[in-house]
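Below: one structure, written as structure tokens.
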Amino acid sequence: MSDRILYTPRKPFVAGSARKRRWFFVIGVAVAGTLFAGVAFLPFGRVTHVELNLPAFLNESAIRAQILAALEGRYGHLIPRSFLLAAPVREIGTALKAAFPRVEDVSFERKFPDTLVVTVIERTFFSVLCGEKGEDESPPQCVSVDQKGVAYETAPHVEGALIARIESDFSGIRMGSRVIDEKTIAAMRSLSDGLEEIAGIKTVGYRISSRVPSEIRLRAAAGFTVIFKRDDDAKIAAAILKNVLDGEIREKQNRLDYVDLRFGRKVFYKYRF
């Protein structure tokens, strides 16, 4: 039995097909070039209006001038930066957040044919955080912290129960940096809400430490401190504290220094005198 080799005949070359493909390519390049020229050199599609939605602390004129300056010039000497579809929105947002740490986010909307809408979102205040005193006993650095734990502006060192201030051992705090993780902030809120709801105790301050990050200390309006683990169940911890205050301590609350709830139902406490 002999092997057979089958040859597939080649399709005949048709000069007209290749010629058509070349013409389509030339026409495509011409159309693309025309569109590119329109983008690069015609005024249509440029940003001529900037709508601003700003929080009160920002100066509208200054922000508008900063945005318009970012829209000047061209990419590679060809595409104008003011072209609506190519406007450098990420660059503008990054610049605004760097210049104003109080800005949490910047969003953009393109309204054809010529309008760029810029919306600035302000950080939501959570508390004032104060670090340790300086070596020369100078006042500690205090900053405003938002609900995500980001430090965004210098705050005065004030005493009082109006704001539940956070004391810490932190130093060298940079604006725009996260100084408290969101889990710790959530625990602070949960624990203080649980104390007020179940034990009737108002929180006037907190203490956290970089050396013991799993621990949160709450200062009660009555003057004593409550020590928690960050991962404690707030309602269970508050119920245990209420039982101790109502049972063992009672009228001696004004002498109480601290109550330590870090060991479950085994509670430790100490009096000031």
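The values are calculated or read from the model by the stated rules, or taken from the named source; none is laboratory data. Model, not experiment: these values are computed from the prediction. Note that we place each Cβ from the backbone using ideal geometry, even for glycine, and neighbour counts take in every protein chain shown. Note: accessible area is taken over every heavy atom of the protein model, side chains too, but ligands, DNA and RNA are not part of it. Shrake-Rupley method; radii C 1.70, N 1.55, O 1.52, S 1.80 Å.
Looking at (1) under 16 Å from E167 (Cβ atoms); (2) open to solvent by less than 70 Å² (accessible area, probe 1.4 Å), find the lone condition where I240 falls short.
(1)
Give the residue, chosen from G194, G200, that is open to solvent by 60 Å² or more (accessible area, probe 1.4 Å), small (G, A, S) and out of contact with any strand residue (DSSP E or B) (no Cβ under 8 Å at 6 or more places or on another chain).
G200
Only one of these conditions is not met by A164: (1) touching a Gly at 6+ places or on another chain (Cβ under 8 Å); (2) under 30 Å from T94 (Cα atoms); (3) among the small types (G, A, S). Which number is it?
So the condition that A164 fails would be (2).
With respect to R64, is the statement that it is open to solvent by 40 Å² or more (accessible area, probe 1.4 Å), more than 25 Å from F125 (Cβ to Cβ) and in a strand (DSSP E or B) true?
Criteria not met by R64.
Out of contact with any strand residue (DSSP E or B) (no Cβ under 8 Å at 6 or more places or on another chain), part of a helix (DSSP H, G or I) and closer than 27 Å to Y152 by Cβ: does that describe E132?
no
Kindly indicate whether any position in the range 207-216 is part of a strand (DSSP E or B), surrounded by 19 or more Cβ atoms within 10 Å (Cβ to Cβ) and at pLDDT 95 or above.
Yes: one or more hits.
Scan the range 220-257 for residues that are touching a residue at least 40 places away in the same chain (Cβ under 8 Å), over 19 Å from K183 (Cα atoms) and in contact with a strand residue (DSSP E or B) (Cβ under 7 Å, 6 or more places away or on another chain) and jot them down.
Selection gives A221, L241.
How many residues does the range 200-225 hold that are over 19 Å from K270 (Cβ atoms) and β-branched (V, I, T)?
Count: 3.
Taking the condition of being open to solvent by 40 Å² or more (accessible area, probe 1.4 Å), aromatic (F, W, Y), under 30 Å from Q147 (Cα atoms) and touching a helix residue (DSSP H, G or I) at 6+ places or on another chain (Cβ under 8 Å), how many residues in the range 79-137 meet it?
Matching residues across the range 79-137 total 1.
Which residues, counting only those in the range 246-266, are within 22 Å of G205 (Cβ to Cβ), at pLDDT below 95 and of a type in the set (A, V, I, L, M, F, W, C)?
Matches in the range 246-266: I249 only.
Just checking, how many residues over the range 221-237 are over 13 Å from M188 (Cα atoms) and either open to solvent by less than 10 Å² (accessible area, probe 1.4 Å) or in a loop (DSSP other than H, G, I, E, B) (or both)?
4
Do the conditions hold for I173, that is, is it within 30 Å of R250 (Cβ to Cβ) and modelled with pLDDT under 95?
When the stated conditions are applied, I173 does not pass them.
Given the residues A86, A70, A155, A164, which is the only one that is under 24 Å from V47 (Cβ atoms), modelled with pLDDT under 95 and aliphatic (A, V, I, L, M)? Can you show your working first?
Values: A70 fails: modelled with pLDDT under 95; A155 fails: under 24 Å from V47 (Cβ atoms); A164 fails: under 24 Å from V47 (Cβ atoms).
So the residue among A86, A70, A155, A164 that is under 24 Å from V47 (Cβ atoms), modelled with pLDDT under 95 and aliphatic (A, V, I, L, M) is A86.
Filter the range 169-178 for residues that are surrounded by fewer than 20 Cβ atoms within 10 Å (Cβ to Cβ) and free of Cβ contacts under 8 Å to residues at least 60 places away in the same chain; which is nearest to Y206 (Cα to Cα)?
Ranking the candidates gives D169 first.
List every residue pair whose Cβ atoms lie under 9 Å apart, where the two residues are 6 or more positions apart in sequence or sit on different chains, the first residue falls within the range 120-132 and is farther than 12 Å from V143 by Cα, and the second residue, located anywhere, is basic (K, R) and open to solvent by 40 Å² or more (accessible area, probe 1.4 Å).
E122/R102; R123/R102; R123/K148; T124/K148
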